[in-house]
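Comments concern the structure below.
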Amino acid sequence: MKKMVIVVLLCAFALGINGQPARNEIMQNPYLSASNYLAYRGPQKELTKAPKGYVPFYISHYGRHGSRYLIGENEYTRPLQILARADSLGKLTPLGRDVLRRVRMINDEAYKRLGELTQLGAEQHQQIATRMYDRFPEVFAGDVCVDAKSTVVIRCILSMENELHALLLKNPDLHITHDASEHDMYYMNLHDAKLSERKHSKAGDDALKAYREKHVDNSRVVNSLFNDTAYVHHNVSGNLGHYLFKLASNLQSTELRKQITLYDIFTREELYRNWLGQNAGWYIGYGFCPKNGATQPYSQRNLLRKIIEQADSCILLERPGATLRFGHETMVLPLTCLLGLNGYDQQIDDLEQLESRGWINYRVFPMGSNIQFIFYRKAFGDSDILFKVLLNEDEATLPLKTDCAPYYHWADFREHYLKMLNAYKGE
């Protein structure tokens, strides 16, 4: 009987661990709780060798800008104002006064830099480009062309320029073209009014509100900063905890990360629970969520079609080089879902099951996140083109049959996804 009880307990423990992979990871590394504010970590695994005789000849890429400052001015000034006013009235604890000091430092560093690329963001893209070159030198040999496009946002343009500069340092003979124009925004950053309207369905909004009310509670953090509970009740916005969590999350993307942190005012459990609320919001907004029609990833249909069309064209060339595109996490995440990379095309009706089923946002779209299609063939003119997909420079799976995983046949890919795209009617 004792043995049976022990076995049951061990099984329950194992299920708990497997059912909460993000919680376990955040307990080990609190930076992961930052969701889309996670600073890029680079590849985590070794690459699989190509089938015998196949060599890389073309790369098609879409990447998010690197680490940046927060975009909204209120994200800096509002918590600063709340804490400074309380301090002037003697309402802060010693911890509260120290947090105010740190928030002032963060606000000063970001002054007139809202949404701009940080130094770390530039370094991330230099490193991504260097690894791309070193991993697939055949693609960049000689005077091949590298064609780059960016959205018209300055942090994306600078991310592109940092990658191109790093590639030129590796090979000054590269023929580079680069542009950032509204002309290309129909696929680089499509705004679909119909999908945007469906994103905020009543069912989805109600489910997210209930989920966050259940899981996210920053009251302990807020109360630890003030010495007067009545003052907190009457004068402190309920959003202060959220503001501080966002500042804590984004701090890892700035040079101030070397001097201060705000993660120390949260417990690991509180960080995890804040992440839960963020993860659910991103799933409803950009995943195949049934609560709003399970169609949001089709916002990237033009981008995927462009990737296919340009790849088809480049395959006909003897030395096509690389096509690089630079944008935002609001494209990387839904494109990942549209492709079904690593199972992110799942339709999950119960938000409580997101984590246990592996829909974990920070694995997809940290600052500097990218998707790379690496194309292989034995010789120019071969009809059997192989490719693999890298998500954040690690090999990813596709919902396609293949006899050479993690490599896939391009013909199978284009047939499957063009059929899927053509079937979408924008309903």
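The values are calculated or read from the model by the stated rules, or taken from the named source; none is laboratory data. The structure presented is a predicted model; accordingly, all values stated were derived computationally and were not measured. Note: ideal-geometry Cβ built from the backbone for every residue, glycine included; neighbour counts use all protein chains shown. Quick note on the areas: whole protein, heavy atoms, side chains included, nothing else; ligands and nucleic acids left out. Shrake-Rupley method; radii C 1.70, N 1.55, O 1.52, S 1.80 Å.
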Discussion item. For the stretch 71-94, give me each residue that is surrounded by 15 or more Cβ atoms within 10 Å (Cβ to Cβ), in contact (Cβ under 8 Å) with a residue 60 or more places away in the chain and among the hydrophobic types (A, V, I, L, M, F, W, C).
Written reply: Ile82, Leu83, Ala86, Leu92
Worksheet item: Out of all the residues in the stretch 298-317, is one or more without any contact (Cβ under 8 Å) to a residue 60 or more places away in the chain, more than 28 Å from Ser150 (Cα to Cα) and either open to solvent by less than 30 Å² (accessible area, probe 1.4 Å) or among the aliphatic types (A, V, I, L, M) (or both)?
Response: no
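Matching residues to (1) more than 24 Å from Ala34 (Cβ to Cβ); (2) under 20 Å from the mean Cα position of the chain (by Cα); (3) surrounded by fewer than 23 Cβ atoms within 10 Å (Cβ to Cβ); (4) of a type in the set (D, E, K, R):
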{"position": "Ala230", "(1), (2), (3), (4)": "yes, no, yes, no"}
{"position": "Asn235", "(1), (2), (3), (4)": "yes, no, yes, no"}
{"position": "Leu240", "(1), (2), (3), (4)": "no, no, yes, no"}
{"position": "Leu247", "(1), (2), (3), (4)": "no, yes, yes, no"}
{"position": "Glu255", "(1), (2), (3), (4)": "no, no, yes, yes"}
{"position": "Arg273", "(1), (2), (3), (4)": "no, yes, yes, yes"}
{"position": "Tyr283", "(1), (2), (3), (4)": "no, yes, no, no"}
{"position": "Tyr286", "(1), (2), (3), (4)": "no, yes, no, no"}
{"position": "Pro290", "(1), (2), (3), (4)": "yes, no, yes, no"}
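When you go through Leu167, Leu100, Leu120, Leu158 one by one, which is the residue that is touching a Ser or Thr at 6+ places or on another chain (Cβ under 7 Å) and either within 20 Å of Asp394 (Cα to Cα) or part of a helix (DSSP H, G or I) (or both)? Walk me through it before giving the result.
Numbers: Leu167 fails: touching a Ser or Thr at 6+ places or on another chain (Cβ under 7 Å); Leu100 fails: touching a Ser or Thr at 6+ places or on another chain (Cβ under 7 Å); Leu158 fails: touching a Ser or Thr at 6+ places or on another chain (Cβ under 7 Å).
Of the residues listed, the single one that is touching a Ser or Thr at 6+ places or on another chain (Cβ under 7 Å) and either within 20 Å of Asp394 (Cα to Cα) or part of a helix (DSSP H, G or I) (or both) is Leu120.
Being under 20 Å from the mean Cα position of the chain (by Cα) and buried (at least 19 other Cβ atoms within 10 Å of the Cβ) is the filter here; which residues of the stretch 396-425 pass it? First the steps, then the outcome.
So in the stretch 396-425, the residues under 20 Å from the mean Cα position of the chain (by Cα) come out as 396-398.
Listed by number, the residues that qualify are Ala396, Leu398.
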Response to the item:
Tyr111 meets each of (1) part of a helix (DSSP H, G or I); (2) closer than 30 Å to Val232 by Cβ; (3) of a type outside the set (A, V, I, L, M, F, W, C) with one exception, condition (1)
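Residue under question is Gly340, and the condition is that it be over 13 Å from the mean Cα position of the chain (by Cα) and either open to solvent by 10 Å² or more (accessible area, probe 1.4 Å) or touching a residue at least 60 places away in the same chain (Cβ under 8 Å) (or both); does it hold? Step through it out loud before you land on a result.
Working: over 13 Å from the mean Cα position of the chain (by Cα): yes; either open to solvent by 10 Å² or more (accessible area, probe 1.4 Å) or touching a residue at least 60 places away in the same chain (Cβ under 8 Å) (or both): no.
Answer is no for this residue.
Across the stretch 185-210, which residue is farthest from Glu352 (Cα to Cα) among those that are part of a helix (DSSP H, G or I) and among the hydrophobic types (A, V, I, L, M, F, W, C)? Spell out how you get there, then give the answer.
So the first thing to find is which residues in the stretch 185-210 are part of a helix (DSSP H, G or I), and the list is 185-188, 193-199, 202-210.
Then keep just the ones that are among the hydrophobic types (A, V, I, L, M, F, W, C); that gives 185, 188, 193, 195, 203, 207-208, 210.
Values: Met185: 35, Met188: 33, Ala193: 29, Leu195: 24, Ala203: 15, Ala207: 11, Leu208: 11, Ala210: 11 Å.
The selected residue is Met185.
Table: residues versus (1) at pLDDT 95 or above; (2) more than 28 Å from Arg68 (Cα to Cα).
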{"site": "Ser196", "(1), (2)": "no, no"}
{"site": "Ala207", "(1), (2)": "yes, yes"}
{"site": "Arg212", "(1), (2)": "yes, no"}
{"site": "Leu240", "(1), (2)": "yes, no"}
{"site": "Phe245", "(1), (2)": "yes, no"}
Item to complete: Output the qualifying pairs, or none if there are none: Cβ atoms under 9 angstrom, residues six or more apart or on different chains, first residue in the stretch 174-190 and open to solvent by less than 40 Å² (accessible area, probe 1.4 Å), second residue at pLDDT below 95.
Response: Met185/His191
Practice prompt. Could you tell me whether Gly358 is in contact with a Lys or Arg (Cβ under 9 Å, 6 or more places away or on another chain), at positive phi, touching a residue at least 24 places away in the same chain (Cβ under 8 Å) and assigned to a loop (DSSP other than H, G, I, E, B)?
Written response: no
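State yes or no: is Glu25 at negative phi, modelled with pLDDT of 50 or more, acidic (Asp, Glu) and in a loop (DSSP other than H, G, I, E, B)?
Values: at negative phi: yes; modelled with pLDDT of 50 or more: yes; acidic (Asp, Glu): yes; in a loop (DSSP other than H, G, I, E, B): no.
Considered against the rule, which asks whether it is at negative phi, modelled with pLDDT of 50 or more, acidic (Asp, Glu) and in a loop (DSSP other than H, G, I, E, B), Glu25 comes out as no.
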Worksheet item: Just checking, how many residues over the stretch 123-155 are of a type in the set (A, V, I, L, M), more than 28 Å from Lys378 (Cα to Cα) and assigned to a helix (DSSP H, G or I)?
Response: 1
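Out of Arg135, Arg64, Arg68, Arg113, I need the residue that is basic (Lys, Arg), open to solvent by 30 Å² or more (accessible area, probe 1.4 Å) and under 16 Å from Asn370 (Cα atoms). Which one? Let's see the steps before the verdict.
Values: Arg64 fails: open to solvent by 30 Å² or more (accessible area, probe 1.4 Å); Arg68 fails: open to solvent by 30 Å² or more (accessible area, probe 1.4 Å); Arg113 fails: under 16 Å from Asn370 (Cα atoms).
The conditions single out Arg135.
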Practice prompt. For residues that are under 30 Å from Leu120 (Cβ atoms) and not small (Gly, Ala, Ser), tally how many sit in the stretch 351-396.
Written response: 24
Worksheet, complete the sentence: Only unsatisfied item for Ala230, checking (1) closer than 30 Å to Met160 by Cβ; (2) among the hydrophobic types (A, V, I, L, M, F, W, C); (3) without any contact (Cβ under 8 Å) to a residue 60 or more places away in the chain, is (1)
Discussion item. Where the second residue is of a type in the set (Val, Ile, Thr) and crowded, with 21+ Cβ neighbours inside 10 Å and the first is over 12 Å from Ala180 (Cα atoms) and lies in the stretch 137-162, which pairs have Cβ atoms under 7 Å and are six or more apart or on separate chains?
Written reply: Val139/Ile59
